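One structure below.
The values are calculated or read from the model by the stated rules, or taken from the named source; none is laboratory data. Just so it is clear, the model here is predicted, and its values are computed rather than measured. For neighbour counting, all protein chains shown are included, and Cβ atoms are generated from backbone atoms with ideal geometry for every residue, glycine included. We work out accessible area using only protein heavy atoms, side chains counted, and drop any ligands, DNA or RNA first. Shrake-Rupley method; radii C 1.70, N 1.55, O 1.52, S 1.80 Å.
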Amino acid sequence: MAIAIYPGSFDPITLGHIDIIERGCKLFEKTIVAVLRNPNKSPLFTVEERLQQIRISTAHLSNVEVDSFEGLTVNYARIRSAQVLLRGLRVLSDFEMELQMAHTNKTLAAEIETVFLATSKEYSFLSSSVVKEIARFGGSIDHFVPQHVALDIYKCYAKTQHGQNPTLPETAPRVNLPHPN
Ligand code: PNS
């Protein structure tokens, strides 16, 4: 049984990600969910906030580990003695970029395999960006992310209404937040 790295931005984790993690945990000895520390992006949540969200979301799984990394994914995989990079494939449009990434990683580290899992069809439209956009314009995201993550997002956009969140553009529209329960 191999060790798998499930790398990503997870800004924030969605039910689609959790579906992949749960299925990864059945296939691999251990699945390491690895959040990329990417200084070139302006995420909604800090890496530490995302790690905490993922830890809470995966607390029911015994063979999962949550970590962060910098630089190349294959270097991190080597450090963690992982043999597999796990990625979810939602729709055809994902395929081009994912295939390019898989080929690049294979060229950099021939001993590491990328394994794709087809996202369950109920999550095939779901992405972190879609979730943030819905929340930002006042829609309910309760069917797309765990409740604790939905609360974090609602709080974040509530702060934005008062101009307290520097990671979002100042032009972020005022939103009428749905009641979190
Ligand atoms: O959740 P995302 O943003 O689709 O994840 C993309 C991620 C983090 C898997 C990818 O950008 C990545 O592996 N970045 C690390 C840099 C790297 O290894 N690049 C070479 C492969 S393209």
**Request:** Would you be able to say whether some residue in the stretch 143-153 is in contact (Cβ under 8 Å) with a residue 60 or more places away in the chain, over 21 Å from Arg55 (Cβ atoms) and within 13 Å of the chain's Cα centre (by Cα)?
**Result:** no
**Odd one out for Asn40, checked against (1) out of contact with any Phe, Trp or Tyr (no Cβ under 6 Å at 6 or more places or on another chain); (2) at pLDDT 95 or above; (3) open to solvent by 10 Å² or more (accessible area, probe 1.4 Å)** = (2)
**Message:** Can you confirm whether Met97 is in contact with a strand residue (DSSP E or B) (Cβ under 9 Å, 6 or more places away or on another chain), part of a helix (DSSP H, G or I) and near the ligand (Cβ under 9 Å from one of its atoms)?
**Reply:** no
**Prompt:** Going by the structure shown, is Ala77 small (Gly, Ala, Ser), open to solvent by less than 70 Å² (accessible area, probe 1.4 Å) and either outside the structural domain of Gln147 (by TED's automatic domain parsing) or in contact (Cβ under 8 Å) with a residue 40 or more places away in the chain (or both)?
**Reply:** yes
**Request:** Scan Asn105, Asn75 and give me the residue that is closer than 19 Å to Ile3 by Cβ and touching a Leu at 6+ places or on another chain (Cβ under 7 Å).
**Result:** Asn105
**Asked** Since Ser57 meets every condition but one in (1) among the small types (Gly, Ala, Ser); (2) surrounded by 20 or more Cβ atoms within 10 Å (Cβ to Cβ); (3) within 13 Å of the ligand (Cβ to nearest atom), which condition does it not meet?
**Response** (3)
